[in-house]
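Quick notes on the structure that follows.
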Amino acid sequence: MNEANIKAISPQPPSRRKLRWIAVAAGICLLSWLALGAGILMGVGTGTVLVLASVAAVATEGTFWLTALVLGVSVYQLRRQLWERVRRRFS
């Protein structure tokens, strides 16, 4: 194999543009969870908490899917890797 073929086969790291999309999605996800926490601390009604929790859940799921799409990893693999990291940290 020559050098050009090796470069074509080797995986490329994600570009800055792709990483920026992941950062935006993570920011939206974080803000939605902060909004849920603020709503709970302020004692808003059950309906409002339900809406905030739904938005946070959808934002989290969207962040997983976007990250998997951008990085080329299946969502199942991404979640499995994330849970393995969490388990290693706390055990």
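The values are calculated or read from the model by the stated rules, or taken from the named source; none is laboratory data. Worth saying up front: this structure is predicted, and the values here are computed from it rather than measured. Cβ atoms come from the backbone with ideal geometry, glycine included; neighbour counts cover every protein chain shown. Surface areas here come from the heavy atoms of the whole protein model, side chains and all, with no ligands, DNA or RNA. Shrake-Rupley method; radii C 1.70, N 1.55, O 1.52, S 1.80 Å.
Here the accessible area is traced with a 1.4 Å probe on the protein chains. For region 14-90, carbon and sulfur cover 69 percent of it.
Highest mean first, the peptides 64-71, 21-28 sorted by other C-beta atoms within 10 Å per residue fall in the order 64-71, 21-28.
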